[in-house]
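What follows draws every value from the coordinates through simple rules; no lab data is involved. In this text the structure is predicted, and so the values were computed from the model without any measurement. Glycine gets a Cβ as well: all are built from the backbone with ideal geometry, and neighbour counts include every protein chain shown.
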Amino acid sequence: MGISKKTVPQATDMCACGHAYEAHEHYRKGTECSICDVRACSAFSAATVAEYSSAQ
């Protein structure tokens, strides 16, 4: 058995832009967020735990 191409090696399914990994999946070339402007989020970048825990 091989590793599926859909396997996400990141530690989280949330992007730093605040949208889920699924917003970055496309049926065409490209990894930009389908919700954000392409200039704001051009590729999936896993959010870090610190971004989630900052409640200030």
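Working out 0.36 nm times the residue gap between C36 and D13, then minus their Cα-Cα distance, what length gain in nm do you get to one decimal?
Working: separation 23, 0.36 × 23 = 8.28 nm, distance 1.63 nm.
Computed gain between C36 and D13 is 6.6 nm.
Looking at the stretch 13-47, which chymotrypsin sites (Phe, Trp or Tyr not before Pro) are in a loop (DSSP not H, G, I, E or B) and have at most 13 other Cβ atoms within 10 Å?
Y27
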